[in-house]
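Undergrad: Would you mind keeping the following structure in view while I ask a few things?
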Amino acid sequence: MSTPKLRAELDGIPVYKPGRPPVAAEGVPAYKLSSNENPYPPLPGVMEAVTAAMGAFNRYPDLACSQLTAELAERFDVPAGHVATGTGSVGVAQQLVQATAGTGDEVVYAWRSFEAYPIITRIGGARPVQVPLNAAEAHDLDAMADAITARTRLVFVCNPNNPTGTVVRRAALERFLDRVPADVLVVLDEAYREFSTDPDVPDGIDLYRDRPNVAVLRTFSKAYGLAGLRVGFAIAHEPVADALRKTAVPFGVSQVGQDAAVASLRAEPALLERVAGLVVERSRVVEALAAQGWTVPETQANFVWLRLGDRTEAFAAACERAGATVRPFPGEGVRITIGETEANDLLLRAAEKFRKELP
Ligand code: PMP
């Protein structure tokens with residue numbers, strides 16, 4: 001029987017892998033530290049907005065996300081025309097590739113980084129150009145600038161980087177941006193921006209203002225705790241933002257998501273207090289892991305990275321037996337999300353036991 005012809009580019013493109021859900025075993029608490037989510041339940045005000053919006057799901061949502069767009073524009077002091085919302089920031093990232101790169105074009109990014117980059121690049125028919133992280137597990141911006149060719153249409157800079165948590169700092173990023181040709185779009189993926197406490201980590205929105213080839217990608221999934229509602233956005237100059245409106249899946253952000261995002265912006269102080277608590281937990285986890293003897297790269301995100309090589313899967317399995325799922329990248333390392341205090345305690349005990357039992 002003949003089958004429909006599918007695009008050859010799809011061959012070999014992996015299906016995006018989500019973090020494993022917590023595995024409940026009798027008598028063992030189950031925590032999910034595998035997807036960089038926010039461990040806290042919704043704030044009451046956000047819950048109220050969600051409940052109110054739930055009553056009208058026989059209607060399509062506001063296609064333009066008007067209220068959310070207006071409030072984001074005010075929050076970041078940018079024109080509303082520079083704000084483009086989408087189905088999670090991964091959806092917006094895919095739109096950015098669609099808007100810039102086609103067959104034969106190149107998309108440059110560091111590797112290892114967010115695993116959606118190669119997928120969305122190849123779905124777009126473009127060629128991924130992966131530039132290895134440096135010895136400190138951070139972006140090698142000089143090598144990334146060197147990798148740009150006449151075919152490069154887009155460069156992703158993931159800051160902080162998923163899964164290593166490392167950052168690029170202001171002076172280095174500005175130097176890099178000065179080297180990128182004006183017709184190449186640089187996407188500053190700041191999904192974890194709110195967890196960054198280092199004053200030398202630039203706010204991409206400051207950098208985009210006088211650079212028409214810079215777009216900033218943000219999300220409500222992490223610090224704002226709305227991962228399940230799928231709301232992300234980009235801030236970019238009009239030609240890019242307009243292209244994002246064209247490439248958007250119509251009605252891709254539900255009304256529940258829009259209203260929850262608006263309520264989250266209004267609840268920002270309370271949400272940022274939670275973020276501050278997670279940052280304190282991050283320091284505690286990093287220090288405890290270092291005291292156990294692990295090498296932990298500097299992280300400014302809500303996760304830590306352990307380069308474990310061929311011990312990666314054994315470590316992940318040990319954590320899971322103890323009651324916490326983490327994110328293994330086989331042969332490379334493990335990414336551990338900072339969760340609630342009890343989850344972090346459990347993880348630290350599992351890491352210590354694993355280390356003591358190493359041959
Ligand atoms: N960018 C980075 C760097 C991420 O790690 C993630 C999620 N893992 C995303 C974007 C996408 O998140 P979302 O689609 O939930 O906004």
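Values quoted throughout were computed directly from the atomic coordinates according to the rules given, and no laboratory measurement underlies them. Note that the structure is a prediction, hence the values are computed from the model and not measured. Note that each Cβ is placed from the backbone with ideal geometry, even for glycine, and that neighbours are counted across all protein chains shown.
Undergrad: Rounded, prolate or oblate: pick one for region 287-359, where a ≥ b ≥ c are the square roots of the eigenvalues of its C-alpha gyration tensor, a/c under 1.5 means rounded, and failing that, prolate if a/b is larger than b/c, else oblate. Don't skip to the end; give the middle numbers.
TA: Numbers: a/c = 1.23, a/b = 1.10, b/c = 1.11.
Cα axes put region 287-359 in the rounded bin.
Undergrad: Roughly what would the spin-label model give for LEU6 and GLU273, points 7 Å off Cα along C-beta, in nm?
TA: 5.0
Undergrad: Rounded to the nearest 500, what is the chain's calculated 222 nm mean residue ellipticity when only DSSP H runs of at least 4 contribute -39500 (n - 2.57) each, over all residues? Don't jump to the answer; show the numbers that get you there.
TA: On the way: 12 runs with 138 residues, N = 359.
Rounded to the nearest 500, the figure is -12000 deg cm²/dmol.
Undergrad: Can you tell me the dipole magnitude for the chain around its Cα centre, using point charges on the Cβ only (Lys, Arg +1; Asp, Glu -1), in Debye to the nearest 20? Don't skip to the answer; put the middle values down first.
TA: Working: 37 positive and 44 negative charges, 172 e Å.
In debye, rounded to 20, the chain gives about 820.
Undergrad: Among LEU347, LEU271, LEU96, whose mean-square fluctuation peaks in a Gaussian network model of the chain (Cα, cutoff 10 Å)?
TA: LEU271
Undergrad: Out of all DSSP beta bridges in the chain, what portion is antiparallel? Express it as a percent rounded to 5. Mind dumping the intermediate values first?
TA: Working: 17 of 38 bridges.
Bridges in the chain are about 45 percent antiparallel.
Undergrad: Before anything else, pin down the relative contact order of the chain: Cα pairs under 8 Å, at least 6 apart, normalised by residue count, whole percent. Intermediate values should be presented prior to the final figure.
TA: Working: 682 pairs, mean separation 85.4, N = 359.
24 percent.
Undergrad: Considering only ILE148, GLY331, ALA291, whose Cα is most displaced toward the positive end of the charge dipole of the chain, charges sitting on Cβ of Lys, Arg (+1) and Asp, Glu (-1)?
TA: GLY331
Undergrad: Give the residue from GLY165, VAL249, PHE176 lying farthest towards the positive end of the charge dipole for region 97-253; charges sit on Cβ (+1 for Lys and Arg, -1 for Asp and Glu) and the dipole is referred to the Cα centre.
TA: About the Cα centre, the residue reaching furthest to the positive side is VAL249.
Undergrad: Using only the Cα atoms of region 175-310, build the gyration tensor, take square roots of its eigenvalues as a ≥ b ≥ c, and label the shape rounded, prolate or oblate: rounded if a/c is under 1.5, else prolate if a/b is larger than b/c, else oblate.
TA: oblate
Undergrad: Answer rounded, prolate or oblate for region 116-254, using the Cα gyration tensor with square roots of eigenvalues a ≥ b ≥ c: rounded when a/c is under 1.5, else prolate when a/b is larger than b/c, else oblate. Before the final figure, lay out the partial values.
TA: On the way: a/c = 1.42, a/b = 1.14, b/c = 1.24.
Judged from the Cα gyration tensor, region 116-254 comes out rounded (a/c under 1.5).
Undergrad: Please compute the net charge surrounding GLY339, taking Lys and Arg as +1 and Asp and Glu as -1 over other residues with Cβ under 9 Å from its Cβ. Can you show the working numbers first?
TA: Values: positive: LYS32; negative: GLU37, GLU281, GLU340, GLU342.
Net local charge, GLY339 excluded: -3.
Undergrad: Here's another thing I want to ask about it. Taking the Cα centre of the chain as the origin and placing charges on Cβ (Lys, Arg +1; Asp, Glu -1), which of SER113, PRO79, PHE195 is farthest toward the positive end of the dipole?
TA: SER113
Undergrad: Please tell me which of these pairs span more than 27 angstrom C-alpha to C-alpha: LYS32/LYS353; LYS32/LYS356; LYS32/LYS246?
TA: Details: LYS32/LYS353 19 Å; LYS32/LYS356 24 Å; LYS32/LYS246 36 Å.
Correct reply: LYS32/LYS246.
Undergrad: Springs between alpha-carbon pairs under 10 angstrom, Gaussian network model over the chain: which of GLY309, GLY165, GLY333 fluctuates most?
TA: GLY309
Undergrad: Something else: Just need the relative contact order of region 14-139 here, percent rounded to a whole number, with Cα pairs under 8 Å and 6+ apart. Could the numbers behind the result be given before it?
TA: Values: 94 pairs, mean separation 21.8, N = 126.
Reported relative contact order: 17 percent.
Undergrad: Could you let me know the centre-to-centre spacing of region 52-96 and region 262-324, using Cα atoms, in angstrom?
TA: What the calculation gives is 29 Å, centre to centre.
Undergrad: Find the relative contact order for region 69-141 and round it to a whole percent, using C-alpha pairs within less than 8 Å whose residues are 6+ positions apart.
TA: Values: 79 pairs, mean separation 18.0, N = 73.
Normalised by residue count, the contact order of region 69-141 is 25 percent.
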